[in-house]
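Data block below; observations after.
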Amino acid sequence: MALSAVLHPAFILAVLPLRASLSEVLGEPFQLTPEILAVSIQSKLQQVTLQWTVPNLTHQELKMTFQIEISRVKTSNIIWVENYNTTVKWNQVLHWNWKSEIPLECVTHFLRIRAMVNDAKYPPQSSWSNWSSWKEVSVQVSVQPNALSIFPKNKLLEEGSNITICLVYGQYLYNVSCKLQDEPIHGEQLDSHVSLMKLNNVVFLSNTGTNINCEAMNATKKPFGTVLFVSKVLEEPKSFSCETQDFKTLKCSWEPGVDTALAWSQQASQNYTLYESFSGRRELSNHRNSHTWQITEESQETYNFTLTTENKLRKRSVNIIFNLTNRVHLKAPHDVTLETISATKANMTWKVHSRGDSYTLLCQVELQHEREGIQEHNVSVHMSASYLFSDLEPDTEYKARVRCADANHFWKWSDWTQKEFSTPEAAPSQALDVWRRVRLENGSRVLNLHWKPLLKSQANGKIISYNIVVENQDKPTESEHYSVWAPALGTQLDLDPRSSYKIHVTANNSVGASPESVIALSDDSGHEEVREKRINGTKDGFHISWDPLSGDAVGYVVDWCAHSRDQHCDLQWENLGPNTTSTIITSDAFKPGVRYNFRIFGRSTQQNAQLLEKQTGYTQELAPLENPEVRVNFTSNSITLNWQDYASDFQSAFVEGYRVYLKSKELQCHPQGKRTWLPDNLMVCEYDIKDPKQKTFTVKNLQPETLYEFFVTPYTSAGQGPNGTFTKVTTLDEHSYMLLQILLPMTFCVLLIIIACYWKSQWVKEKCYPDIPNPYKSSILSLIKSKKNPHLIMNVKDCIPDVLEVINKVEGPKTQCVGSGKPHAEDVSIKPPSVPIESGSSGPVPCVFFENFTYDQSAFDSGSHGLVSGPLKDTPHQLALLTPPNKLLNVLEKDYMKSLEESPTEETSLIYVSQLASPMCGDKDSLATNPPMPVHCSEYKMQMAVPGSLAPPALSEDNSLTSMIILGQGEQ
C-alpha cells in the first residue's frame with residue numbers, strides 16, 4: 001500500500017505531459033481554468049484589484065486571453081465584461097484593476113474569470129474554459145437609522161469628468177434633498193436605503209473645492225455633505241526648447257500651462273522633470289517654466305531631452321533632440337555709440353560677444369522713428385562693426401538698435417541693444433500753402449491772409465515766425481514788411497482798393513527761411529460778382545464741379561468756412577491741379593442743417609486768383625427750427641402779414657416757401673386756402689406761399705369785428721417749421737374804419753400846416769406882427785461912413801429938444817414948462833440913480849433924469865435907463881449938467897459918432913438920452929452958461945415923443961412922474 005501510494009502521484013505526473021504532448025500532436029484543444037487568489041478594494045480610488053493564477057499551466061510561457069465579468073447587486077446583473085490579453089508564465093500571479101463609477105461602499109459587486117489559449121503556436125480554440133466561482137466584493141458600511149452617509153468623500157477629479165454620488169441613509173429618514181453649491185441635484189433610487197446622483201462634465205469653480213450638501217427629515221444632524229475637489233486638466237508643456245549662449249550651460253524653457261494646484265493639500269502644483277537619454281541624467285526643475293542644465297562633457301554635441309510634468313491625476317511629457325552648435329543664442333551687442341554727422345546723417349558703432357575672428361556673426365541694424373521701423377540692414381561682423389544712416393529728417397528723434405545671430409547655424413536673434421539720438425535743425429524745405437479772403441470795409445480793402453502749418457518733415461525745426469512782404473505793384477519801390485509770431489496762422493492787412501499787390505510769405509526757424517509763397521491781388525479783388533449755384537451734399541461731403549478757366553491756369557482753389565454759423569470763419573481751402581474740374585470736399589466739421597458756401601478760384605501764371613463760381617449747400621437739410629417774426633396790419637375786412645427773412649447762413653435748409661395758418665370760429669376758407677388738420681387735431685385754413693422771396697400776405701373778405709388767429713412758418717424739403725403760438729387779431733368795426741378814413745387825411749393836413757407855419761414862422765411874424773424897426777440896422781446908416789453926400793445926413797446938433805419938463809414931486813405941485821404950447825405925456829417913475837456932486841455942495845437936490853424910448857424898444861424892455869455903471873465921467877447925462885446947451889449937442893454928436901464907429905450897424909442899439917432937467921424952466925437959449933453942479937436927483941423920468949395928431953391923455957396929479965412931449969406936424 002505504501003508503495004502504491006508513492007507510485008500513484010508519480011504516475012500521474014508522468015502521464016500529464018504525455019497527454020499534453022499527445023493533445024499537441026493530435027491538435028486537440030485543452031482548457032486551462034484560472035483560479036482567483038484574492039480581490040482587494042481601494043475605496044478612495046473606487047478601484048478593485050483582481051489577482052489570479054493558472055494552476056494547470058505546464059508551459060514556461062503561453063499567450064492567453066482572460067474574460068472577466070462583473071455584476072452588481074446580484075450575479076445575474078452583469079455590468080462589465082472585459083477581455084484581458086497577456087502572456088502567462090508558469091506559476092505567475094496575474095493582476096487586473098477595475099474602477100467603479102459607483103462608490104463601492106454603496107453596493108455589492110461580484111467577479112468571475114475564465115480563460116482561452118491565444119497562442120499562435122497552438123491551434124486556435126473555439127471555446128472558453130470553465131468560469132471560476134463568483135467572488136463577492138463589498139465594503140461594510142454601518143449607518144444609523146437617523147443618519148445619512150455620502151460617498152465618495154472628498155473626491156479628487158479632473159474638470160470635465162463624470163461622477164456618481166451615492167447616498168446611504170437610515171431606515172427612519174425620508175425626503176432627502178441635495179444641492180451642488182446652490183443648485184439642486186436629483187438622483188435615482190437604487191434600493192430602499194441607497195440612491196444615486198450622476199454629475200456629468202463637472203466644472204472647476206474654485207481651488208478650495210465644490211460643496212455638496214444634503215438634508216433629510218428625522219435626521220440627527222443637519223446638514224450632511226462632502227467636497228468635490230475639481231482640478232484643472234494638466235496640460236502638455238508647449239514651446240519646449242534648449243539653447244546656449246556660452247557653451248557652458250543649456251537653458252531650457254517651456255510654457256507650463258495652467259496650474260493644477262488645489263487647496264487643503266489635496267494636490268500640489270505639477271512638477272517638471274528633465275531627462276537626457278544619452279547621458280542618463282535626470283533632474284527635477286525648481287521652476288515651472290525653465291531649467292538650467294550644466295554642460296559637463298564638451299565632447300557631447302547631440303542632446304535628447306524628455307520633459308515630463310505630473311500631478312496626482314495625470315502625467316504628460318514632450319521630447320526634443322538637437323545639436324548644440326545649432327542652438328546658439330548670442331548675447332546682446334555692447335558698447336553701442338551714435339555720432340551725428342549732419343542734419344541728415346548719423347554713424348552707429350557696436351561690439352559683439354564672439355568666439356574669435358574666425359567666427360562670423362550676422363547683425364541686424366534697425367532705425368526707428370515714431371515707433372515705426374523705417375530702415376533695416378544686415379551687417380557681417382567678427383568682433384565690431386559700424387553703419388552710416390543717411391537720408392534722415394532734420395530736428396527728429398530716432399531710435400537705432402542692433403542685434404546679432406550665428407551666421408553659419410542660425411537659431412535666433414540676440415536681444416536688441418538700443419540707442420536714441422536727435423538730428424539738428426535745418427531751414428524749412430517747403431513753401432507755405434497760403435490763401436486769402438478779401439472784403440471791402442469803409443472804403444478800404446481788408447485782406448485776411450491765412451496759411452497752413454508746415455508738416456514736421458517740411459519745417460525741419462520749430463517755426464519761430466512768419467515774414468510777410470507786401471509789394472505795391474503801382475509803386476514798386478515801396479514795400480511793407482510784417483512779422484507774425486508762431487503759432488499764429490494768419491493776419492489781417494488793410495490795403496488800398498485802387499492798387500494791385502504782390503504778397504510774399506515765408507516761414508522761419510532758427511536756421512533759415514522757407515521758399516517764399518506769392519499771392520497776387522489785382523485792383524478788382526473783392527469786387528467780383530458771380531452766380532451762386534445750389535448743390536446737394538451727402539453725409540460724406542460735397543461733390544463740387546466747375547467749368548475750366550479760359551486761358552492758361554496753373555491750378556484751382558476751393559475754399560469754404562469750416563464753421564459757417566460762427567463769426568470766426570475758420571477758412572479752409574484745397575489746392576487742385578490745372579487739369580482738375582471737380583473734387584469731393586470732406587470734413588469732420590460738416591454738420592447737418594448748416595449751410596456751407598464754397599468759392600472756386602482759378603489761379604493764373606501771374607498768381608492772380610479769379611473767382612469763377614460760388615456754390616452753396618447742406619450735407620443734410622433739416623426742417624426749420626424757428627418761425628419768422630410777423631407784423632400785422634388789419635382793417636375791417638382784411639389782415640396783412642409782413643415778416644423778415646432769416647440770415648441765409650442760419651437757415652437749416654433752403655426755404656422753399658411759407659405756410660400761413662388762419663383759424664376763426666366760422667372755419668370758412670377763402671379760395672386761396674384749404675382746410676387742414678394740425679398735429680394737435682386743430683382744424684385751420686392753410687395758405688401756401690410757394691415763392692420764398694414773398695414776405696407779405698393779405699387775407700381779404702374777412703368779417704368786421706371778428707377774432708382771427710394766425711401764425712406763419714417756413715417749409716423746406718425736410719419739412720416745415722415748428723408749430724408756433726397763434727397770434728390773435730380782431731378786425732375793425734366797419735364804421736370806425738370809415739371814420740378813420742376821414743380823420744386820417746384831416747390830421748395829416750393839419751400836421752402839414754403846422755409844419756409849414758413853423759418852417760415860415762419868421763415870414764409870418766414879419767407879415768402879421770413886425771418888430772419896431774431898429775435905426776442901426778437901416779441901410780441909410782451906411783451912408784454916414786461913406787461921407788459921399790454929407791448934406792443928406794442929418795446932424796445930431798440939429799436935433800435940439802424943444803421942451804424939457806422938470807417935476808419935483810417932493811416939493812409940491814408939479815410945474816409945467818411949455819415952450820411950444822404942447823401938452824405932456826405921463827412919465828413913469830423910476831428910482832433915480834445917485835449922481836456925484838461938486839465939493840462944497842450942501843447935499844443932494846431933487847432932479848429928474850429923462851430917457852427917451854421912442855427909438856429903442858429893446859432898451860425899455862431890458863430895463864436900461866440910459867445910465868452907464870461906474871462914475872459918470874463922460875456920459876451924456878453928466879454933459880447935460882456940466883456943458884452949456886450950445887455945446888452939448890456937439891459933445892453928443894461926437895460921442896454918438898464914436899459909438900457908431902465902434903459898434904457894427906447890426907449890433908448897435910440907438911438910445912436917445914435927453915438932458916437932465918434943471919430946476920429952471922425955459923428954452924434952450926435961456927439956459928445958464930455955467931449951470932450948477934449935479935446933485936442927487938429925486939426923480940427919474942421916461943420921456944416919449946408922440947405925434948401931434950394923437951390926443952394926449954389928461955394929466956392928473958397921480959401921474960406927475962411921467963412926461964410926454966407932443967411934437968408938431970413939422971417936427972415929426
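The values are calculated or read from the model by the stated rules, or taken from the named source; none is laboratory data. No experiment lies behind these values; they were computed from the predicted model shown. All Cβ positions, glycine included, derive from the backbone under ideal geometry; neighbour counts span all protein chains shown. Keep in mind that these areas ignore ligands, DNA and RNA; they rest on the heavy atoms of the full protein, side chains included. Shrake-Rupley method; radii C 1.70, N 1.55, O 1.52, S 1.80 Å.
The figures follow:
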| read-out | value |
| --- | --- |
| Residues of the range 451-481 classified as surrounded by 15 or more Cβ atoms within 10 Å (Cβ to Cβ), more than 14 Å from Val518 (Cα to Cα) and not small (Gly, Ala, Ser), total | 4 |
| Residue list for the range 672-705, restricted to those being in a loop (DSSP other than H, G, I, E, B), surrounded by 15 or more Cβ atoms within 10 Å (Cβ to Cβ) and touching a residue at least 40 places away in the same chain (Cβ under 8 Å) | Lys695, Leu702, Gln703, Pro704 |
| Neighbours by Cβ (under 6 Å, 6+ apart or cross-chain): first from the range 74-96, in contact (Cβ under 8 Å) with a residue 40 or more places away in the chain; second in a loop (DSSP other than H, G, I, E, B) | Thr75/Trp134 |
| Hits in the range 356-391 - residues which are among the aromatic types (Phe, Trp, Tyr) and open to solvent by 30 Å² or more (accessible area, probe 1.4 Å) | Tyr359, Tyr387 |
| Pairs, first within 14 Å of Lys591 (Cα to Cα) in the range 535-553, second modelled with pLDDT of 90 or more and not β-branched (Val, Ile, Thr), C-beta under 6 Å, six or more apart | Asn536/Gly617; Gly537/Gly617; Gly537/Tyr618 |
| Odd one out for Gln31 among (1) at pLDDT 85 or above; (2) surrounded by 14 or more Cβ atoms within 10 Å (Cβ to Cβ) | (1) |
| Filter pass, Thr417 being among the β-branched types (Val, Ile, Thr) and within 55 Å of the chain's Cα centre (by Cα) | yes |
| Selected residue [of a type in the set (Ser, Thr, Tyr), within 20 Å of Cys214 (Cα to Cα) and assigned to a loop (DSSP other than H, G, I, E, B)] from Ser133, Ser142 | Ser142 |
| Filtered residue count, the range 628-641, keeping only those that are under 17 Å from Gly657 (Cα atoms) and open to solvent by less than 40 Å² (accessible area, probe 1.4 Å) | 2 |
| All positions within the range 350-365 that are touching a Cys at 6+ places or on another chain (Cβ under 8 Å) and outside any loop (DSSP other than H, G, I, E, B) | Trp350, Leu361, Leu362, Cys363, Gln364 |
| Selection count where residues are open to solvent by 50 Å² or more (accessible area, probe 1.4 Å) and not small (Gly, Ala, Ser), scope the range 259-283 | 7 |
| Matching residues, the range 725-739, being at pLDDT below 80 and open to solvent by less than 60 Å² (accessible area, probe 1.4 Å) | Asp733 |
| Residue tally, condition part of a strand (DSSP E or B) and of a type outside the set (Lys, Arg), over the range 366-424 | 32 |
| Residues located in the range 49-97, provided they are surrounded by fewer than 17 Cβ atoms within 10 Å (Cβ to Cβ) and either touching a Gly at 6+ places or on another chain (Cβ under 9 Å) or among the hydrophobic types (A, V, I, L, M, F, W, C) (or both) | Val73, Ile78, Ile79, Trp80, Val81, Trp90, Val93, Trp96 |
| Count - residues of the range 479-505 that are more than 32 Å from the chain's Cα centre (by Cα) and of a type in the set (S, T, N, Q) | 3 |
| Residue list for the range 498-521, filter: assigned to a loop (DSSP other than H, G, I, E, B) and crowded, with 17+ Cβ neighbours inside 10 Å | Ser500, Asn509, Ser514 |
| Every residue from the range 138-155 that is touching a Ser or Thr at 6+ places or on another chain (Cβ under 7 Å) and within 24 Å of Leu50 (Cβ to Cβ) | Ser138, Val139, Val141 |
| Given (1) touching a strand residue (DSSP E or B) at 6+ places or on another chain (Cβ under 9 Å); (2) open to solvent by less than 50 Å² (accessible area, probe 1.4 Å), number of the condition Pro394 does not satisfy | (1) |
| Residue within the range 602-612 that is polar (S, T, N, Q), surrounded by 16 or more Cβ atoms within 10 Å (Cβ to Cβ), in a strand (DSSP E or B) and under 41 Å from the mean Cα position of the chain (by Cα) present | yes |
| Members of the range 186-222 that are in a loop (DSSP other than H, G, I, E, B), of a type in the set (A, V, I, L, M) and crowded, with 16+ Cβ neighbours inside 10 Å | Val202, Ala219 |
| Residues being part of a strand (DSSP E or B) and either open to solvent by 10 Å² or more (accessible area, probe 1.4 Å) or under 24 Å from Met348 (Cα atoms) (or both) - total across the range 437-447 | 6 |
| Every pair of residues 6+ apart whose Cβ atoms lie under 6 Å, when the first sits in the range 158-176 and is among the aromatic types (Phe, Trp, Tyr) while the second is open to solvent by less than 40 Å² (accessible area, probe 1.4 Å) | Tyr169/Leu148 |
| Output for the range 98-120, where each listed residue is open to solvent by 50 Å² or more (accessible area, probe 1.4 Å), not acidic (Asp, Glu) and not in a strand (DSSP E or B) | Asn118, Ala120 |
| Of the criteria (1) of a type outside the set (Lys, Arg); (2) at negative phi; (3) open to solvent by 70 Å² or more (accessible area, probe 1.4 Å); (4) part of a strand (DSSP E or B), which one Asn175 fails | (2) |
| Yes/no for Phe410 being among the aromatic types (Phe, Trp, Tyr) and exposed (fewer than 13 other Cβ atoms within 10 Å of the Cβ) | yes |
| Meets criteria (among the hydroxyl-bearing types (Ser, Thr, Tyr), modelled with pLDDT of 90 or more and surrounded by 14 or more Cβ atoms within 10 Å (Cβ to Cβ)) for Tyr658 | yes |
| Residues of the range 298-326 that turn out to be open to solvent by 90 Å² or more (accessible area, probe 1.4 Å) and among the aliphatic types (A, V, I, L, M), as a count | 1 |
